[in-house]
1. Taking the stretch 91-135 as the search range and keeping residues that are touching a residue at least 24 places away in the same chain (Cβ under 8 Å), farther than 25 Å from Cys369 by Cβ and in a loop (DSSP other than H, G, I, E, B), which one is nearest to the chain's Cα centre (by Cα)?
2. Could you give me the residue pairs with C-beta distances under 6 Å whose first residue belongs to the stretch 414-435 and is in the same structural domain as Phe454 (by TED's automatic domain parsing), whose second residue is crowded, with 20+ Cβ neighbours inside 10 Å and acidic (Asp, Glu) wherever it lies, and which are 6+ apart or on separate chains?
3. Of the residues Ala428, Ala423, Ala415, Ala436, which single one is in contact with a Ser or Thr (Cβ under 6 Å, 6 or more places away or on another chain) and either under 27 Å from Ser464 (Cβ atoms) or not hydroxyl-bearing (Ser, Thr, Tyr) (or both)?
4. Of all residues being touching a Ser or Thr at 6+ places or on another chain (Cβ under 9 Å) and among the charged types (D, E, K, R) in the stretch 173-194, which is surrounded by the most Cβ atoms within 10 Å (Cβ to Cβ)? Just the residue, please.
5. Kindly indicate the residue of the stretch 435-487 that is assigned to a strand (DSSP E or B) and of a type in the set (A, V, I, L, M) and also nearest to Ala423 (Cα to Cα) among those meeting that condition.
6. With the requirement that a residue be farther than 14 Å from Val551 by Cβ and either of a type in the set (Asp, Glu) or touching a residue at least 60 places away in the same chain (Cβ under 8 Å) (or both), what does the stretch 665-687 give you?
7. Mind checking which helices (runs of 4 or more DSSP H) fall wholly inside the stretch 558-629 and carry at least 3 residues that are crowded, with 23+ Cβ neighbours inside 10 Å?
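The values are calculated or read from the model by the stated rules, or taken from the named source; none is laboratory data. Here the structure is a predicted model, which means the values were calculated and not measured. Because the Cβ atoms are built from the backbone with ideal geometry, glycine has one as well, and the counts that use them run over all protein chains shown.
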Amino acid sequence: MIQLFEGGAYVLNGSEIIPDTKDAQSVLESRLGHAVSKEEGKKQTIAYGILEEHNTSGNMEKLEIKFDKLTSHDITFVGIIQTARASGLEKFPIPYVLTNCHNSLCAVGGTINEDDHLYGLTCAKKYGGVYVPPHQAVIHQFAREMLAAGGKMVLGSDSHTRYGALGTMAMGEGGPELVKQLLDKTYDIQMPGIVGVYLTGEPAKGVGPQDVALAIIGAVFEKGYVNNKIMEFIGDGVENLSADFRIGIDVMTTETTCLSSIWKTDDVIKEFYEIHGRTEDYKELNPGAVTYYDGMIYVDLSTIKPMIAMPFHPSNTYTIEELKENLEDILRDVEKKALVSLGGAVEFSLMDKIRGGKLYVDQGIIAGCAGGGFENICAAADILKGASIGPDEFTLSVYPASMPVYMELVKNGAAATLMETGAVMKTAFCGPCFGAGDTPSNNGFSIRHSTRNFPNREGSKLQSGQIASVALMDARSIAATAANKGYLTAATELEVNFTNPRYFFDSKIYENRVFDSKGVADPSVDIKFGPNIKDWPAMSALPEHLILKVVSEIHDPVTTTDELIPSGETSSYRSNPLGLAEFTLSRKDPAYVGLAKEIQKAQKAIEAGNCPAEAVPEIKPVFQTLNDWHPGVDKTNVGVGSTIFAVKPGDGSAREQAASCQKVLGGWANIANSYATKRYRSNLINWGMLPFLVDEEELPFAKGDYLFIPSIRQAVLEKKGEIKAYVNGEQNREVVLRLGDLTDDEREIILKGCLINYYKG
């Protein structure tokens with residue numbers, strides 16, 4: 001059972017929940033002998049205490065956070081360091097770990113990937129960082145093993161930066177936010193709401209962390225219950241979960257769209273640090289005697305059943321039992337939803353996966369920061385012991401999350417057990433999570449213990465007429481399905497002896513292979529630049545007026561960052577801003593790049609001192625219309641570029657390229673009804689793009705229209721919340737755009753044109 005409270009709640013001594021109703025204060029007085037205000041109670045949360053220790057503003061309503069450590073992977077660290085170098089970087093001021101877990105295969109783009117790895121190694125030497133070579137560990141597992149510490153804060157350039165189960169408040173953000181930390185600046189946010197997650201009971205045998213996580217995601221995502229808030233896990237049920245189980249739930253909190261997470265800690269987490277030789281990094285964390293939460297999620301772990309998130313979102317959840325009982329109805333419903341997600345670009349069918357009244361799947365994957373943990377893989381081995389996955393279409397791949405985990409699986413025999421069944425053991429790699437490994441066949445259906453199942457996240461390409469799909473499941477039920485040779489099976493349907501072997505961490509692998517500068521920079525080191533590594537192009541400051549062409553219009557309920565800039569092989573161009581930009585919206589709106597580049601010619605003409613209307617004749621009528629009522633708009637005071645409209649863009653990845661690719665193609669703004677995540681909106685701002693909002697009603701403009709926004713620079717300077725724009729420059733076709741809350745620094749970044757310009761002065 002999962003219950004979402006209508007309002008907030010007080011929690012006494014971490015165990016008794018008192019809903020925030022009109023009777024709450026009288027209940028508190030009867031228990032305590034005095035009332036407790038919400039303000040006092042909020043200060044007793046674990047999250048508040050950690051934020052207060054890291055806040056430098058002196059004002060807990062407007063936070064300016066300094067993080068303890070940073071981490072990035074090889075899709076993001078080149079752009080981050082290039083931006084920081086252009087902004088004056090001399091050395092890494094805090095520990096910065098560069099992992100190489102996303103482009104480890106080096107299978108696309110010739111030398112591009114390995115060139116970027118050498119760039120990372122030489123930068124770690126030059127600026128004083130840590131470099132984790134390919135195949136050693138996925139970013140988040142290395143952070144758990146070597147970075148996390150109780151009461152500390154970590155910022156990562158990957159959306160699944162979550163180490164709350166270990167007592168570390170971690171956040172995944174776009175690269176520019178890490179640049180700020182590298183330049184000794186702060187992470188500036190309003191004090192977020194804090195939602196309690198009260199766990200009670202104990203999971204049934206065969207139920208795993210992904211099952212609990214999917215149940216929570218399914219309950220909260222659509223309601224936006226924890227959007228941009230911090231989830232704080234408390235309750236007696238926490239004590240019934242192992243460290244790996246807690247970690248498996250925690251990493252998936254990203255899919256709720258929360259800002260971060262934190263858990264109470266106990267002897268189980270203390271033992272985790274002892275196993276990893278870092279006892280000094282453990283800190284006991286508990287909520288105060290009387291704690292107030294802005295919301296409460298009550299989870300009875302004993303009621304959670306094996307879950308499945310059907311394509312194409314982690315919130316599209318069912319129990320496996322429910323799916324099997326209503327198989328045809330649910331599959332047809334998924335197919336209908338796919339018409340929206342896929343835009344009818346290809347024919348998508350799941351009904352043909354029904355064989356003899358059962359659902360047959362083509363592939364199983366246990367991988368990455370969510371599935372590749374020691375306990376998940378050992379449990380899968382227990383389920384599959386003595387079984388065979390069979391010689392038919394079904395395949396099973398297992399990716400341990402780090403080489404130390406892999407080595408222990410070899411030592412205790414779990415790896416051999418899995419390999420004997422026909423499963424394939426692979427090295428630490430994030431590819432199955434973003435489409436760079438184990439792409440199924442066309443129309444293939446994959447079940448994965450990984451993080452996401454967005455459209456084409458598994459590697460298929462709509463533009464090539466391909467479609468495959470992913471459902472998310474726990475490793476245990478994936479193994480049960482494998483034991484049943486591809487027919488969907490919940491782990492609870494089998495009688496299994498789970499051995500629960502003890503984990504022994506061996507640090508020798510990292511000691512022998514990971515470069516650790518110990519924080520000492522060596523300025524004499526020359527950075528190695530591969531030919532694909534390019535500097536950011538020059539970007540103009542915000543002009544007095546703007547003329548924006550709407551070059552894409554997306555009405556899907558949610559637009560993911562994967563749709564804004566596809567993952568997979570396109571990420572090989574991540575170090576080449578203009579090269580990567582060619583893929584922008586390529587799977588969602590293939591016409592976007594050409595339209596954006598065409599209107600960008602007008603801005604380039606302005607920057608060269610020429611007339612924009614001569615470069616792009618179609619904007620002449622806009623200037624002529626403006627002459628009638630707003631004369632004086634010309635090449636000396638106007639900027640011309642593109643914008644997109646999307647209902648709710650930015651769900652998913654923290655990759656800044658979702659915004660920067662639009663920027664280098666001449667994008668000045670996004671227009672949305674709302675933004676799916678704080679990190680995507682931050683990426684827009686840090687690349688000098690205006691994060692406009694419009695009301696959820698019929699739009700007065702459409703793709704192909706121009707929006708004239710007069711005195712936009714002055715409006716940003718004067719902190720105006722609402723700005724008027726005019727469709728095709730016509731005075732009687734007015735639309736009101738809102739900017740939402742912006743800090744003074746964010747306004748200055750937009751005025752300067754981007755974060756690089758801001759730091760250049």
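1. Residue satisfying both the conditions and the ranking: Pro93.
2. Pro432/Asp438; Gly435/Glu458
3. Sole residue among the options that is in contact with a Ser or Thr (Cβ under 6 Å, 6 or more places away or on another chain) and either under 27 Å from Ser464 (Cβ atoms) or not hydroxyl-bearing (Ser, Thr, Tyr) (or both): Ala428.
4. Glu177
5. That would be Ile447.
6. Ala676, Thr677, Lys678, Arg679, Tyr680, Ser682, Asn683, Ile685, Asn686, Trp687
7. The helices (runs of 4 or more DSSP H) meeting that bar are 561-564, 592-607.
Table: residues versus (1) aliphatic (A, V, I, L, M); (2) in the same structural domain as Asn286 (by TED's automatic domain parsing); (3) crowded, with 21+ Cβ neighbours inside 10 Å.
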site: Leu214; (1), (2), (3): yes, yes, yes
site: Ala219; (1), (2), (3): yes, yes, no
site: Glu222; (1), (2), (3): no, yes, no
site: Ile230; (1), (2), (3): yes, yes, yes
